[in-house]
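First up is the structure itself, then whatever we jot down about it.
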Amino acid sequence: MSNNSSTPNPSGDDNERDHQSDTRADTGLRQGLTNYGDQGFSLFLRKAFIKGSGYTDAALERPVIGIADTGSAFNPCHGNMPQLVEAVKRGILLAGGLPMPFPTISIHESFAAPTSMVLRNLMSIDTEEMIRAQPMDAVVLIGGCDKTVPAQLMGAASAGVPAIQLVTGAMLTGSHRGERVGACTDCRRYWGKFRAGEIDAHETAQVNDQLVASVGTCSVMGTASTMACLTEAMGMSLPGAATPPAVTADRIRIAELTGTRAVAMARERLTIDQVLTPAAFENAMRVLLAIGGSTNGIVHLAAIAGRMGLDIDMQALDRMGRETPVLLDLKPSGQHYMEDFHKAGGMATLLRELRPLLRLDALTVTGRTLGEELDAAGAGFAQDVVRPIADPIYPQGGIAVLGGNLAPGGAIIKQSAADAALMEHEGRAVVFENAQDLVARIDSDDLDVNADDVLVLKNIGPKGAPGMPEAGYIPIPRKLARAGVKDMVRISDGRMSGTAFGTVVLHVTPEAAVGGPLALVRTGDRIRLSVSRRELSLLVADDELERRRAADPVREPSAPRGYLKLFLQTVTQADRGVDFDFLRAPQTRGKTPGAPR
Ligand code: FES
């Protein structure tokens, strides 16, 4: 506050105390004052307005804890947001803080057009700027659906304040004719049955009622569950916070504890840069591999790391993949659901097995290291969801990083969800120029395609579609599906839902829309996939490729105005997280580690 003696009393009888403390500390409501050219007046006005909500001076003296509320009628994955906000507020009040919920953008996978990924960076900007603009000593981020947690972590990383993540938690599973079902691996499975003529429209409508049995995020190891697990592995949420289902008492208790811990973090000034270190990202990469996590997790980790000035080392990820087995028996790689993982002890059970491969010195939001938290978690118990490291569900990590002349900047395959018989495969390319071309021809009886062909979809990368939609899971052509074909090699520059499965090569970089070699592939070309050699090759002579390139120069997509114009002008490729180039930290601090152990 100004020392100007003409400044009016800001708030009655405790004015003098306020007046003194305002000059001592840049905390609570006194920080980040609105600029009216008179700091004292700014605080006076701020207090006058907040008192309109009935607050006392005693309440306003407390540490201010922001709560990023992403509830929305369009987002059933966040349908428990009111209860979570209440529980977080309770925890904050119990610890002596002042809870201040505030709204930001909310994004649901099925309600965002053309694709949620286009909006993730906008949500990260919203989160960052609302944290910066409003006075708070720490922030609780509440998200859940796929893009929301990455967006919140990206925004909070850039804002730099003490931050703690709370996820909304997974939905419950439903039951269809005696079979347990859950979104969205089973959504795809039943839709595949419908396409193949195995079930009729009536049964399809019946199962539609059962796939999402409650509010909460998808019940398998999709992107939301993956990010919940990576967030806990990175130390950005409380131990045990990843797995409680959305509608359980455990989830509400974690919310209360998260609020309580946020107040302590504010007092300790435990800022996010102390938690999001290279060691934290290394632990996240290990866990991503060990849970058979969504390939989207790599893109989001790269974006969050970029906000901290770090690059995710894709070659290190691949090396780690060769020595990190898949331990978690969850769909789509395995058989269980998230509620089973929670009953099996959640992340502590997994991290206990992975312990020899983890950076135990990484600090967490608790103020203790990951190793200290694992010690505190104690011994495990008999369960069948997390395998012992000596008896994995899959001997290598769920994700392999590919190179070769078709993907000079890299590509990935989720090998744990792929058909083992197709991991070494050479076939004839059947090319679709873009998503519209795919829709127009994939189900045509005239499509010239065989089961051992390689389906190629171009122009669904970060700029191509735009927003790198989850269209990389190219459907099996209907005539082959009816003949019983379940899997084929499929290649694109897009992404795939974490709930999907199949021999699907994704994130081909550079993408076709910016002139990557994928743009040059033509139907009839031969393509070789060798996961053992980490190779994705287009078997066409270099001079022929140059001839094609000269005949069809690149025309990068553009937009006349608005957010899409900003997106297309500044979005980066998959290996840099599909973030906007100007949102990355200005200084690069190097690559995340990941040396063999
Ligand atoms: Fe929200 Fe799957 S649609 S988590």
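The values are calculated or read from the model by the stated rules, or taken from the named source; none is laboratory data. These figures come from a predicted structure and were not determined experimentally. Counting neighbours? That spans all protein chains shown, and the Cβs are built from the backbone with ideal geometry, glycine included.
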1 or more residues of a type in the set (Asp, Glu) and over 30 Å from residue 350 (Cβ atoms): qualifying strands (runs of 3 or more DSSP E) within the range 383-455 | 424-432
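I'd like to check which strands (runs of 3 or more DSSP E) are fully inside the range 497-563 and have at least 3 residues that are farther than 30 Å from residue 187 by Cα.
Numbers: elements: 504-506, 526-530, 535-538.
Strands (runs of 3 or more DSSP E) meeting the threshold: 526-530, 535-538.
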List the pairs whose first member sits in the range 28-39 and is in contact (Cβ under 8 Å) with a residue 12 or more places away in the chain and closer than 17 Å to residue 62 by Cα, whose second member is among the acidic types (Asp, Glu) and surrounded by 19 or more Cβ atoms within 10 Å (Cβ to Cβ), and whose Cβ atoms are under 8 Å apart, counting only residues at least 6 apart or on separate chains?
-> 28/137; 30/22; 31/137
Test each condition in (1) touching a Ser or Thr at 6+ places or on another chain (Cβ under 7 Å); (2) surrounded by 24 or more Cβ atoms within 10 Å (Cβ to Cβ) for residue 278 and report the one that comes out false.
-> (2)
Residue that is farthest from residue 340 (Cα to Cα), among those in the range 356-382 that are among the acidic types (Asp, Glu) and not in a loop (DSSP other than H, G, I, E, B) = 372
Touching a helix residue (DSSP H, G or I) at 6+ places or on another chain (Cβ under 6 Å), within 16 Å of the ligand (Cβ to nearest atom), at pLDDT 95 or above and over 24 Å from residue 269 (Cβ atoms): does that describe residue 167?
-> yes
Six or more apart or on different chains, Cβ under 6 Å: which pairs go from a residue in the range 216-240 that's touching a residue at least 24 places away in the same chain (Cβ under 8 Å) and at negative phi to one that's within 14 Å of the ligand (Cβ to nearest atom) and among the basic types (Lys, Arg)? Could you list them?
-> 220/331
Criterion: on the phi < 0 side of the Ramachandran plot and touching a strand residue (DSSP E or B) at 6+ places or on another chain (Cβ under 6 Å) - qualifying residue of 156, 201, 113 | 156
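Can you name the helices (runs of 4 or more DSSP H) wholly within the range 180-249 that have at least 3 residues being within 14 Å of the ligand (Cβ to nearest atom)?
185-195, 223-233
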Residue that is nearest to the ligand (Cβ to nearest atom) [pool: residues in the range 498-532 that are closer than 19 Å to residue 477 by Cα and hydroxyl-bearing (Ser, Thr, Tyr)] | 503
Of the residues in the range 49-65, how many are of a type outside the set (Lys, Arg), touching a residue at least 12 places away in the same chain (Cβ under 8 Å) and either within 16 Å of the ligand (Cβ to nearest atom) or part of a helix (DSSP H, G or I) (or both)?
-> 4
Given (1) crowded, with 16+ Cβ neighbours inside 10 Å; (2) modelled with pLDDT of 95 or more, residue 53 misses just (1)
Those residues of the range 81-121 which are surrounded by fewer than 17 Cβ atoms within 10 Å (Cβ to Cβ) and of a type in the set (A, V, I, L, M) amount to 94, 113
Among residues belonging to the range 66-76 that are in a loop (DSSP other than H, G, I, E, B) and of a type in the set (Gly, Ala, Ser), point out the one that is surrounded by the fewest Cβ atoms within 10 Å (Cβ to Cβ).
-> 73
For the range 77-100, indicate whether the set of residues that are part of a helix (DSSP H, G or I) and closer than 27 Å to residue 311 by Cα is non-empty.
-> no
Only one of these conditions is not met by residue 150: (1) within 15 Å of the ligand (Cβ to nearest atom); (2) surrounded by 20 or more Cβ atoms within 10 Å (Cβ to Cβ); (3) outside any helix (DSSP H, G or I); (4) touching a residue at least 40 places away in the same chain (Cβ under 8 Å). Which number is it?
-> (3)
So which residues in the range 126-140 are surrounded by fewer than 20 Cβ atoms within 10 Å (Cβ to Cβ) and either under 14 Å from the mean Cα position of the chain (by Cα) or hydrophobic (A, V, I, L, M, F, W, C) (or both), if there are any at all?
-> 130, 133
What residue, of 306, 321, is modelled with pLDDT of 95 or more, crowded, with 24+ Cβ neighbours inside 10 Å, small (Gly, Ala, Ser) and part of a helix (DSSP H, G or I)?
-> 306
Across (1) within 16 Å of the ligand (Cβ to nearest atom); (2) free of Cβ contacts under 8 Å to residues at least 24 places away in the same chain; (3) in a helix (DSSP H, G or I), residue 110 clears everything bar (3)
Expected single match for buried (at least 19 other Cβ atoms within 10 Å of the Cβ) and over 20 Å from residue 407 (Cβ atoms) among 462, 469, 475 is 475
Taking the range 548-571 on its own, how many of its residues are surrounded by 13 or more Cβ atoms within 10 Å (Cβ to Cβ) and out of contact with any Gly (no Cβ under 8 Å at 6 or more places or on another chain)?
-> 9
Pairing a residue in the range 437-462 that is at negative phi with any residue that is hydroxyl-bearing (Ser, Thr, Tyr) and part of a loop (DSSP other than H, G, I, E, B), where Cβ atoms lie under 9 Å and the two sit 6 or more apart in sequence or on different chains, gives 448/523; 456/523; 461/509; 462/572
